[in-house]
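The values are calculated or read from the model by the stated rules, or taken from the named source; none is laboratory data. Computed from a prediction, not measured in an experiment: that's the story for all the values here. As a convention, Cβ positions derive from the backbone with ideal geometry for all residues, glycine included, and neighbour counts pool all protein chains shown. These accessible areas exclude ligands, DNA and RNA; they are computed on the full protein's heavy atoms, side chains included. Shrake-Rupley method; radii C 1.70, N 1.55, O 1.52, S 1.80 Å.
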Amino acid sequence: MKKRWLLLILFLIPTFVYAEDSELASHAKSAILIEASSGKILYEKEINQELSIASMTKMVAQIIIMEEIEKGNIHWDDVVTVSRNASGMGGSQIYLEEGEKMSVEDLMKGISVASGNDATVAMAEYISGSEEKFVERMNAKVKELGLRHTHFVNSTGLDEEGHYSSSYDMAMIARDLVVHHSDILKFSSIYEDYLREDTDRKFWLVNTNKLISQYEGTDGLKTGHTDLAGYCLAATAERSDLRLIAIVLGEEESKVRNAETIQLLDYGFANTKLKVLKKKNSVVDSISFDKADKTNVSVVLKNSLSAVEDFDDNNQYDYQIHYNSYSLPLKSGDVIGRMDALLHKQVVSSSELIVLEDVQKLSLLQLFKQKFESLIFGHF
């Protein structure tokens with residue numbers, strides 16, 4: 001009887017089988033898995049092959065929109081008037097009408113959740129005056145990111161000759177979004193929402209990225225599908241502070257695309273850990289001043305130093321501090337240098353160094369008073 005119960009218990013316990021490297025993304029033309037904070041490649045397959053990428057193109061449009069928001073050039077509550085050109089876009093859309101007015105925030109929802117071509121072109125025209133000029137900026141952005149296998153002809157990803165990217169480039173674009181413009185996740189993590197909610201043209205948004213509701217920790221990022229590109233996906237998920245980005249290109253079916261993306265993420269979470277070496281705001285040094293209102297000021301990390309490791313790694317790291325030239329006065333939060341974590345003499349993580357106190361240069365009168373008090377009270 002005990003044996004039967006034991007067999008029943010073992011049968012009910014879920015088992016997890018993780019694929020070998022050679023079995024990952026077997027149906028994809030190209031695929032990659034990276035850790036987001038470092039960009040470390042955890043798996044790769046034909047990562048520099050130039051392919052059609054469909055609506056994954058819109059990730060670069062999103063970067064530019066986020067940059068404009070962060071610079072204060074545009075605002076989420078700005079109202080955009082839709083042109084005839086934008087309203088006439090085919091493919092995925094939120095059914096904008098010529099002359100319709102919609103906020104930047106709602107247009108970003110339309111891009112991020114529904115992959116709206118019309119919403120993307122409306123924002124391109126709002127920022128750059130025309131889609132053509134916006135596409136020039138998109139191409140300049142990928143060059144700025146150091147990417148060599150990407151060229152855009154439009155802002156939406158509709159099939160056109162000369163419009164392509166690679167899984168590696170897409171991973172670096174996705175990484176730039178989630179690391180440097182993380183507010184994008186507020187949009188890409190929405191599974192369902194509404195546009196024009198208080199009107200007779202209420203429109204239900206449902207995320208084209210089904211992993212948002214199907215895979216733990218997923219909060220983005222962008223799907224894509226055209227006849228030429230097949231089914232593509234850039235997915236990002238975070239668990240226990242470890243954020244992964246998976247890219248698959250050229251899948252023949254959406255279900256296979258999703259399944260192979262999940263397989264990549266499973267592989268990453270099963271075999272990788274993020275080791276925090278030194279925490280944000282940790283004191284790593286102190287600076288002495290002779291002619292300041294504070295004689296010693298702590299130097300702290302602006303961000304945590306972390307390293308991506310295999311689960312069985314137990315690496316020992318070295319650290320180097322590099323100071324910038326600086327002068328008084330200093331304000332709390334001022335960057336005065338950088339700290340690197342090194343493994344086998346290779347930098348694996350870096351953080352800027354800051355001070356958390358204001359430091360003022362003493363005037364001649366204050367210096368005289370300080371010297372006088374030192375002589376009187378023996379502080380010398």
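Give me the distance in nm between label points sitting 7 Å out from Cα along the Cα-to-Cβ direction at His27 and Leu328, one decimal.
Inter-label distance under the simple model: 6.8 nm.
When the accessible area of the chain is computed with all protein chains present and a 1.4 Å probe, what percentage of it is carbon and sulfur? Before the final figure, lay out each step's value.
Working: 9930 of 20160 Å².
With neighbouring chains kept in place, the figure for the chain is 49 percent.
Could you sort Phe269, Phe134 by accessible area so the largest value comes first, with the probe set to 1.4 Å? The partial results should precede the final answer.
Values: Phe269 30, Phe134 0 Å².
Largest to smallest exposure gives the sequence Phe269, Phe134.
Against the 2.2 N^0.38 Å scaling, with N counting residues, where does the chain land? I'd like the Cα-based Rg ratio to two decimal places.
On the way: Rg = 25.9 Å, N = 380, 2.2 N^0.38 = 21.0 Å.
Output field value: 1.23.
Which whole-number percentage describes the relative contact order of the chain, with Cα contacts under 8 Å and a sequence gap of 6 or more? It would help to have the intermediate numbers written out before the result.
Numbers: 763 pairs, mean separation 57.8, N = 380.
Averaging sequence separation for qualifying contacts and normalising by length gives 15 percent for the chain.
Roll a 1.4 Å probe over the protein chains and send me the accessible area per residue for the chain in Å². Write down the numbers at each step before the final one.
Working: 20160 Å² over 380 residues.
Result: 53 Å² per residue.
Full-extension gain between Glu253 and Asp310, please, as 0.36 nm times their residue separation minus the C-alpha to C-alpha distance. Let's see the in-between values first.
Details: separation 57, 0.36 × 57 = 20.52 nm, distance 3.18 nm.
Length gained, Glu253 through Asp310: 17.3 nm.
If a/c stays under 1.5 just call it rounded; otherwise compare a/b with b/c (prolate if a/b is bigger, oblate if not). Do that for the stretch 91-226, with a ≥ b ≥ c from the square roots of the Cα gyration tensor eigenvalues. Each step should come with its number before you reach the end.
Numbers: a/c = 1.87, a/b = 1.22, b/c = 1.53.
Cα axes put the stretch 91-226 in the oblate bin.
How do Lys278, Lys361, Lys141 stack up against each other in accessible area, from largest to smallest, with a 1.4 angstrom probe? Please list the in-between numbers first.
Numbers: Lys278 60, Lys361 140, Lys141 15 Å².
Putting Lys278, Lys361, Lys141 in descending order of accessible area: Lys361, Lys278, Lys141.
Given axes a ≥ b ≥ c from the Cα gyration tensor, I'd like to know whether the stretch 210-324 is rounded (a/c under 1.5), prolate (a/b larger than b/c) or oblate.
Note, shape of the stretch 210-324 comes out prolate.
How much solvent-accessible surface does Leu265 expose, in Å² to the nearest 10, with a 1.4 Å probe and all protein chains in place?
In the full protein context, Leu265 sits at about 0 Å².
Heavy atoms only, probe 1.4 angstrom, no DNA, RNA or ligands counted: give me Ser128, Ser188 ranked by accessible area, highest first. Don't skip to the answer; put the middle values down first.
On the way: Ser128 30, Ser188 0 Å².
Descending accessible area places them as Ser128, Ser188.
Could you check the simple spin-label distance between Asp318 and Glu197, using points 7 Å along Cα→Cβ, in nm with one decimal?
Between Asp318 and Glu197, the simple spin-label model gives 5.7 nm.
Round to a whole angstrom and tell me the spacing of the C-alpha centers of the stretch 274-311 and the stretch 27-94.
35 Å
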